[in-house]
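Peer 1: Quick one: the structure is below, and I'll ask about it shortly.
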Amino acid sequence: NVAGYALGVGTALLGEKAAMAFTEAGETEIGGHYNDQLRTLLDMLKDNLNLLYYSELKEQMNMIREFRDDELE
């Protein structure tokens, strides 16, 4: 909690533009993480196309896409 607070205060002291730059960089990094997760799942599908028939996997991939798109929006 203290580290999070200190980071917030430090970012605020840098000004609005710096705060927005940090926020954008964080969101971009998170979007990349979601893309990595999707690539891993797609690699699994490449090795076993039968996994396409499992609706849980489709749902999981759709949720990851939705979260990624929300984050990058």
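The values are calculated or read from the model by the stated rules, or taken from the named source; none is laboratory data. Bear in mind the structure is a predicted one, so any value in this text is a computation, not a measurement. As a convention, Cβ positions derive from the backbone with ideal geometry for all residues, glycine included, and neighbour counts pool all protein chains shown. Note: accessible area is taken over every heavy atom of the protein model, side chains too, but ligands, DNA and RNA are not part of it. Shrake-Rupley method; radii C 1.70, N 1.55, O 1.52, S 1.80 Å.
Peer 1: Inside segment 49-73, can you point out the residues that are touching a residue at least 12 places away in the same chain (Cβ under 8 Å) and polar (S, T, N, Q)?
Peer 2: Q60
Table: residues versus (1) in contact with a helix residue (DSSP H, G or I) (Cβ under 8 Å, 6 or more places away or on another chain); (2) open to solvent by 90 Å² or more (accessible area, probe 1.4 Å).
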residue	(1), (2)
A6	no, no
E29	no, yes
N35	yes, no
E66	no, yes
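Peer 1: Which members of segment 17-67 meet the condition of being of a type in the set (S, T, Y), assigned to a helix (DSSP H, G or I), at pLDDT below 85 and more than 22 Å from G4 (Cβ to Cβ)?
Peer 2: Y53, S55
Peer 1: Against the condition in a helix (DSSP H, G or I), surrounded by 12 or more Cβ atoms within 10 Å (Cβ to Cβ) and touching a helix residue (DSSP H, G or I) at 6+ places or on another chain (Cβ under 9 Å), how does T11 come out, does it pass?
Peer 2: So T11 fits the description; yes.
Peer 1: Given the conditions (1) under 27 Å from Q60 (Cβ atoms); (2) without any contact (Cβ under 8 Å) to a residue 40 or more places away in the chain, and given that I30 satisfies all but one, which numbered condition is not satisfied?
Peer 2: Every listed condition holds for I30 apart from (2).
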